[in-house]
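Just so you know, all these numbers are worked out from the coordinates, no wet-lab data involved. Since the structure is predicted, the reported quantities are computational estimates derived from the model, not experimental observations. All Cβ positions, glycine included, derive from the backbone under ideal geometry; neighbour counts span all protein chains shown.
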Amino acid sequence: MARRREFDEDALLERSTSLFWEKGYTATSMSDVAAVSGVGNGSIYAAYGSKPELFLLVFERYCAGRVDMVRGAMAEGTDAQDAVASFFEAVIDDCASHQPSWGCLMLNTLAEVGRDWPEVVEVAQRAIAEMERLVDARLALEGVAGDGRALLAAEIVLVSQGLIQFSRIEQEPQRLRDIASSALEHLTPALRAA
């Protein structure tokens, strides 16, 4: 029988997410996790087994949260253009909530360890594919033609990821909004095609 956890698991996972996100996988130790969470090393190891196992759980939760952000944003607005604008704005607001910006845990981790850690790549691929599917579904709902729609959805997700990465060096949200507006202007003809 599994031992009952004697700590707030959601709080530990949230604090661990912030720590891995800010410092990176390699620079974060289990002692760091214990310090920020207030949970002893022994309890963390008993609950999660190892740093890689804890990280994979954190990473999957983070990626699922990013997918949920896309789902929420793509449900906004009166048309495809409004929905994409909402998506870009949600990304910029999220970037602005961490100053200096930490970028994206998914993209940061892929850059740090992705090729050497197939499970990380698999989780990221599933998340990105689901983001693209959500964007594509909204475009289809708005009557955007099927030819090239999946590629258009991928491009929209790529622009969002570019905004996130650029936020690491550009601390001014208005600059990110200007870039998002310019990208949206270029995408608009394809978003209106039926």
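What is the dipole size for the chain, taken about its Cα centre, with +1 at each Lys and Arg Cβ and -1 at each Asp and Glu Cβ, in debye to the nearest 20?
It works out to roughly 400 debye.
Based on the Cβ-Cβ distance of S18 and R133, what FRET efficiency does E = 1/(1 + (r/R0)^6) give at R0 = 30 Å, to the nearest 0.05?
0.60
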